[in-house]
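Q: Could you have a look at this structure, given as structure tokens, before my questions?
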Amino acid sequence: MRVTTPHMGKLDRIFLDLFARTGIEYIAPPKTSARTLQLGVRYSPEFACLPLKVTIGNFIEALESGADTLLMAGGVGPCRFGYYAEIQKCVLEEAGYKFNMIVLEPPAAGWKLFIDTVKILAPGKSIYQIWQIIKVSFRKARIMDELEKYVLKYRAYEVNRGDTTKAYKKALDIIQPAMTNEEITQAAEEAFLILESVEKDMDRPVLKVGIVGEFFVLLEPFTNFDIEEYLGNMGVSLERSVYLTDWISPSSKNPVMGISDSEIAKAAKPYLNHFVGGEGLPSVGHTIIYAKEGLDGVIQLFPFTCMPDTIAKSILPQVSRDFDIPIISFVIDEQTGRAGIITRLEAFIDLLASRKKHKDRLQALGHGAHRRELARSGAAL
Amino acid sequence: MSATVGIPQALLYYKYYPLWEGFLKGLGAEVVTSNVTTKRVVNAGTAVAENELCLPVKIFFGHLIELKDKVDALFVPRVISVEKDTYTCPKFLGLPDLARAVDVKLPKILDPYFNIRLGRRRYYEAIFDFGKLFTSSKYKIWRAWQSGVRAQRLYQKKLLSGLSPLDILSGIEDAPSKGNIKIGVAGHPYNVHDPYINLNLIKKLKSWGAQVFTEEMIPHKVLDREAGKLPKRLFWSYEKEVVGAAFHWMQTKSVDGIIYILSFACGQDSLIQVLLETKAKKQSDVPLMSLVIDEHSGEAGLVTRVEAFIDMLRWRSIS
């Protein structure tokens, strides 16, 4: 059995670790590319969302490179992601591919089914052993997410452009081979040290922006044109509404991102009073929380025809007005070009910078002493 | 509270209007509905709606705008779940919030919850909570609900006999259509029965000598059983009905062909289309044609395709 999974950010690193522990051969698909998307689009239904098209492309390329078992997550709705495994199976069989498919349904669809599926993926292991494997593997994944969070926040402050990105890659590679709990602890310390020792200019004025939206597009750099790195290089410090382990884990506390589901729902309540599947509610809730935290702006990213985030997009203009925070939404599909996104993004960042400059100036009128310094910092932006 | 309450003639209107009307009237409200969808409604709706929303939701906004000056409140229930372990469409889960976000001044929006997932007790509690807006008498609320339920039962009986929703609701009770070719029209009721959305497809089919069947004419038990034949059960109720109807027609071969109407950008329809087309191709002798519609659909294109489809069916039945 040579198992493969679709790409979604660092997901392949997590599975590489998990399957090394359970003793199953794992083949990560080739890195998502224009060809991946092209293959996916050829076999996908026309107005299914981008994640389906990209993951079908991943599966095809993985089958080409020797995988024979496709592992996909299931779901119980109402977002259509929960039905994607069925559709993938249907269209890939139609296209003539031969494979096995394992669908990991969430425990909400029944614990027995969940445990039975997990047991296939960890042959010969007891439930206790599996639980131990998941625990340690998950801890490692969480540390990787913490590293990413640090990178998003501090890339804007680096003195030499590109240092943080390089350090992040090095840090991930230090964590990757760590297996036991002690090794992980040690590797984590080393990894954070590498990131912390990147030279930073913490006095530099930076814009603070929140990123919200649909998880796949947020987590997979190919589909979001790696705008996080681009923004970081522009001098924008980022907060993001979802991290990989927050999305996978059954906990509603969201340890990495740091805001619990109930806080999100509470914040969103006046505007969206019920979950609508996917990230519809979190997109609204996070935007409000970010506005209250005083962030300069919010970027929403989601695939074209995504139902939950389309609802959020319809509601966000109200939030923007009421909380006086600029919001820009990017709707992404296979036709979207990087240049178009970057142009709009740059215009948005310019707008945020001039707003901030204006705000700072008004504030400075009250505090004469700061005036000159703030004016200079505004000009630097 | 005695008030005029508006019910837009869109989305779930085609499914639950008698229930809602009976309930609201029983509570002492005066019920006003919007008229059939027109170009003006569509334009008003698309002007205020987010571009990526599906046409039926845009039209829903148009109907809200049509009603806004005529009523004290608008009835936009949050229909979350109508069956165990299923949801409706995500957009229905957020419909009252979407309506409030429309950039037009609307009257108060009444949004009772219908959520059977939380159990019968919570389901009825939500109904009583809503009824309290009108009257403090629990007995009166219960009576109002029951009169709605009775009206709904009668409505569903008439639907089963082959009458179309708009005919029943406007009091026309013609005998079901006769024709020399049988066409099953699958799709969400708000697409199948709104003549503006589907460019008057049903009437056209009838005028071309076709006898038209829709999902409402099939008992719910049969729909459920047929949809249950999918390898993984669907977690959306209304889509189960669409799939169930199409599978039923394919299974029994009771129609000569199936036309499946779907709206562009509909999340569920994008997947259901794959399921129906695969089944039609692999395991069925009943031809299926998908018609994707949005606000830019043109009549000429639709007529050409449907005529060709019917010609093909006629030719098949001769050979």
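The values are calculated or read from the model by the stated rules, or taken from the named source; none is laboratory data. Note that this is a predicted model, so its numbers are computed, not measured. Counting neighbours? That spans all protein chains shown, and the Cβs are built from the backbone with ideal geometry, glycine included. All accessible areas refer to the heavy atoms of the entire protein, side chains included, with ligands and DNA or RNA removed. Shrake-Rupley method; radii C 1.70, N 1.55, O 1.52, S 1.80 Å.
Q: Select from the range A:304-330 the residues that are of a type in the set (Asp, Glu) and without any contact (Cβ under 8 Å) to a residue 60 or more places away in the chain and write down the one among them that is nearest to A:GLU229 (Cα to Cα). Write out each step before concluding.
A: Initially, the range A:304-330 is screened for residues of a type in the set (Asp, Glu), giving A:309, A:322, A:324.
Those left that are additionally without any contact (Cβ under 8 Å) to a residue 60 or more places away in the chain: A:322, A:324.
Numbers: A:ASP322: 30, A:ASP324: 26 Å.
Within the range A:304-330, the match that is nearest to A:GLU229 (Cα to Cα) is A:ASP324.
Q: Name, by its number, the condition in (1) open to solvent by 50 Å² or more (accessible area, probe 1.4 Å); (2) charged (D, E, K, R); (3) within 14 Å of chain A (Cβ to nearest Cβ) that does not hold for B:ARG78.
A: (1)
Q: Tell me, which helices (runs of 4 or more DSSP H) lie completely within the range A:173-292 with 3 or more residues that are over 19 Å from the mean Cα position of the chain (by Cα)?
A: Working: elements: A:181-196, A:215-219, A:227-233, A:244-248, A:261-268.
Once the helices (runs of 4 or more DSSP H) in the range A:173-292 are filtered for at least 3 residues that are over 19 Å from the mean Cα position of the chain (by Cα), what remains is A:181-196, A:261-268.
Q: Restricting the first residue to the range A:331-342 and requiring it to be in contact (Cβ under 8 Å) with a residue 40 or more places away in the chain, which pairs with a second residue that is open to solvent by less than 40 Å² (accessible area, probe 1.4 Å) and among the β-branched types (Val, Ile, Thr) meet a Cβ separation below 6 Å and a spacing of at least six or different chains?
A: Note: pairs meeting the criteria are A:ILE332/A:VAL217.
Q: Among the listed residues B:PRO112, B:PRO96, which satisfies the condition of being in contact with a Pro (Cβ under 6 Å, 6 or more places away or on another chain), within 14 Å of chain A (Cβ to nearest Cβ) and open to solvent by less than 20 Å² (accessible area, probe 1.4 Å)? Before the answer, list the steps.
A: Working: B:PRO96 fails: in contact with a Pro (Cβ under 6 Å, 6 or more places away or on another chain).
Only one candidate qualifies: B:PRO112.
Q: Here's something else I'd like to know. Within the range B:115-145, can you find the residues that are outside any strand (DSSP E or B), without any contact (Cβ under 8 Å) to a residue 40 or more places away in the chain, open to solvent by less than 70 Å² (accessible area, probe 1.4 Å) and of a type in the set (S, T, N, Q)?
A: Residue satisfying the conditions is B:SER137 alone.
Q: When only residues in the range A:43-90 that are open to solvent by 20 Å² or more (accessible area, probe 1.4 Å) and touching a residue at least 60 places away in the same chain (Cβ under 8 Å) count, which is nearest to the other protein chains (Cβ to nearest Cβ)?
A: Result: A:GLY77.
Q: Out of the residues in the range B:55-75 that are open to solvent by 10 Å² or more (accessible area, probe 1.4 Å) and not in a helix (DSSP H, G or I), which is nearest to the other protein chains (Cβ to nearest Cβ)?
A: Checked the range B:55-75; the qualifying residue nearest to the other protein chains (Cβ to nearest Cβ) is B:LYS68.
Q: State all residues of the range B:159-200 that are within 22 Å of B:MET312 (Cβ to Cβ) and in a loop (DSSP other than H, G, I, E, B); if no residue qualifies, say none.
A: Correct list: B:SER177, B:LYS178, B:GLY179, B:ASN180, B:GLY187, B:ASN198, B:LEU199, B:ASN200.
Q: Out of A:SER320, A:SER283, report the one residue that is among the polar types (S, T, N, Q), in contact with an Asp or Glu (Cβ under 7 Å, 6 or more places away or on another chain) and either more than 30 Å from A:GLY40 (Cα to Cα) or modelled with pLDDT of 95 or more (or both).
A: A:SER283
Q: Please find, among A:LEU272, A:LEU244, A:LEU219, the residue that is crowded, with 23+ Cβ neighbours inside 10 Å, over 26 Å from A:LYS356 (Cα atoms), in contact with a Gly (Cβ under 8 Å, 6 or more places away or on another chain) and in contact (Cβ under 8 Å) with a residue 12 or more places away in the chain. Walk me through it before giving the result.
A: Details: A:LEU244 fails: crowded, with 23+ Cβ neighbours inside 10 Å; A:LEU219 fails: crowded, with 23+ Cβ neighbours inside 10 Å.
The unique qualifying residue is A:LEU272.
Q: A further question follows. How many residues does the range A:108-129 hold that are surrounded by 12 or more Cβ atoms within 10 Å (Cβ to Cβ) and touching a residue at least 24 places away in the same chain (Cβ under 8 Å)? Before the answer, list the steps.
A: The initial filter retains those residues of the range A:108-129 that are surrounded by 12 or more Cβ atoms within 10 Å (Cβ to Cβ), namely A:108-110, A:113-115, A:117-122, A:125, A:129.
Then keep just the ones that are touching a residue at least 24 places away in the same chain (Cβ under 8 Å); that gives A:108-109, A:121-122, A:125.
Looking only at that region, the number is 5.
Here's the yes/no breakdown for (1) within 14 Å of another protein chain (Cβ to nearest Cβ); (2) in contact with a His (Cβ under 7 Å, 6 or more places away or on another chain); (3) within 28 Å of A:VAL41 (Cα to Cα):
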site	(1), (2), (3)
A:VAL242	no, no, yes
A:GLU293	no, no, no
A:GLN300	yes, no, yes
A:ASP309	yes, no, yes
A:SER329	yes, no, yes
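Q: In the list B:VAL32, B:VAL36, which residue meets the criterion of being modelled with pLDDT under 95, among the β-branched types (Val, Ile, Thr), on the phi < 0 side of the Ramachandran plot and open to solvent by 10 Å² or more (accessible area, probe 1.4 Å)? Spell out how you get there, then give the answer.
A: Details: B:VAL32 fails: modelled with pLDDT under 95.
Unique residue meeting the criteria: B:VAL36.
Q: A further question follows. Filter the range B:232-255 down to the residues that are touching a Cys at 6+ places or on another chain (Cβ under 9 Å) and either away from chain A (no Cβ under 14 Å) or outside any helix (DSSP H, G or I) (or both) and list them by number. Break it down into steps so the answer makes sense when it comes.
A: Going through the range B:232-255, the residues touching a Cys at 6+ places or on another chain (Cβ under 9 Å) turn out to be B:236, B:238-239.
Answer for the range B:232-255, where residues must be touching a Cys at 6+ places or on another chain (Cβ under 9 Å) and either away from chain A (no Cβ under 14 Å) or outside any helix (DSSP H, G or I) (or both): just B:TRP236.
Q: Let me ask another. For the range B:4-27, what are the residues that are open to solvent by 10 Å² or more (accessible area, probe 1.4 Å) and in contact with a Lys or Arg (Cβ under 8 Å, 6 or more places away or on another chain)?
A: B:THR4, B:GLY22, B:GLY26 - these are the residues of the range B:4-27 that are open to solvent by 10 Å² or more (accessible area, probe 1.4 Å) and in contact with a Lys or Arg (Cβ under 8 Å, 6 or more places away or on another chain).
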